[in-house]
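Everything below concerns the one structure shown next.
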Amino acid sequence: MSPIIIKSPYHIDYIYSYGQDSPFFAGLANKKLLGTKCPECGYSYATPKAYCMYCGTSCDWIELPAKGKVHTYTTCYYGGESFLDETPFNLVLVEFEGLDTLFLSRLTGVKAEEIQIGMQVKPQFAKLPRISPTDVWFVPVRK
């Protein structure tokens with residue numbers, strides 16, 4: 001006798017929390033890029049941290065500047081499912097004036113060979129946010 005095979009639909013809701021990073025994702029939904037700053041030692045994070053990695057103090061949320069510049073970049077020829085339609089794509093580490101760390105994001109609207117270290121960039125936000133890191137990316141500042 002052959003095994004009995006039954007086909008039926010299967011659905012699962014995956015529930016998760018961004019926890020202490022929730023303000024960052026709420027900021028993206030409101031078209032704001034948020035980082036954090038330690039009120040004790042003043043160290044600032046473009047990629048937010050709940051607690052200062054130097055003194056352990058709870059950090060405060062701050063809004064990042066509207067512009068930054070390319071610190072370094074690379075072109076990715078393989079990416080996760082969210083980026084398959086964009087592959088190859090450019091990743092940049094963005095440097096913001098007055099902040100101590102960098103922010104990793106995609107850079108669009110420019111060919112890889114046109115990217116330059118120090119190029120001014122600004123964030124762009126998804127019109128319909130998915131509450132995801134992909135809700136923000138950067139584009140060159142045109143003069």
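The values are calculated or read from the model by the stated rules, or taken from the named source; none is laboratory data. Just so it is clear, the model here is predicted, and its values are computed rather than measured. Counting neighbours? That spans all protein chains shown, and the Cβs are built from the backbone with ideal geometry, glycine included. Side chains are part of the model used for accessible areas, which takes the heavy atoms of the whole protein and leaves out ligands, DNA and RNA. Shrake-Rupley method; radii C 1.70, N 1.55, O 1.52, S 1.80 Å.
Taking the numbered list (1) modelled with pLDDT under 95; (2) closer than 18 Å to Phe138 by Cα; (3) among the polar types (S, T, N, Q) in turn, Ser17 passes all entries but (2).
Is it the case that Met53 is open to solvent by 90 Å² or more (accessible area, probe 1.4 Å), modelled with pLDDT of 95 or more and part of a loop (DSSP other than H, G, I, E, B)? Spelling it out, Met53 is indeed open to solvent by 90 Å² or more (accessible area, probe 1.4 Å), modelled with pLDDT of 95 or more and part of a loop (DSSP other than H, G, I, E, B).
Screening Pro39 with (1) under 29 Å from Met119 (Cα atoms); (2) free of Cβ contacts under 8 Å to residues at least 24 places away in the same chain; (3) part of a loop (DSSP other than H, G, I, E, B); (4) in contact with a strand residue (DSSP E or B) (Cβ under 9 Å, 6 or more places away or on another chain) gives one miss only, at (1). The residues of the stretch 99-114 that are touching a strand residue (DSSP E or B) at 6+ places or on another chain (Cβ under 6 Å), assigned to a loop (DSSP other than H, G, I, E, B) and either modelled with pLDDT under 95 or farther than 25 Å from Ser44 by Cβ (or both), listed by number, are Thr108, Gly109, Val110. Within the stretch 59-98, the residues that satisfy the criterion of being free of Cβ contacts under 8 Å to residues at least 40 places away in the same chain, open to solvent by less than 60 Å² (accessible area, probe 1.4 Å) and assigned to a strand (DSSP E or B) are Ile62, Thr75, Cys76, Phe89, Asn90, Leu91, Leu93. Within the stretch 129-138, is there a residue that is touching a strand residue (DSSP E or B) at 6+ places or on another chain (Cβ under 7 Å), open to solvent by 20 Å² or more (accessible area, probe 1.4 Å) and either among the small types (Gly, Ala, Ser) or without any contact (Cβ under 8 Å) to a residue 40 or more places away in the chain (or both)? There is at least one residue in the stretch 129-138 that is touching a strand residue (DSSP E or B) at 6+ places or on another chain (Cβ under 7 Å), open to solvent by 20 Å² or more (accessible area, probe 1.4 Å) and either among the small types (Gly, Ala, Ser) or without any contact (Cβ under 8 Å) to a residue 40 or more places away in the chain (or both).
Has the stretch 21-33 got any residue that is open to solvent by 60 Å² or more (accessible area, probe 1.4 Å), over 16 Å from Thr134 (Cα atoms) and not small (Gly, Ala, Ser)? Taking every residue of the stretch 21-33 in turn, none turns out to be open to solvent by 60 Å² or more (accessible area, probe 1.4 Å), over 16 Å from Thr134 (Cα atoms) and not small (Gly, Ala, Ser).
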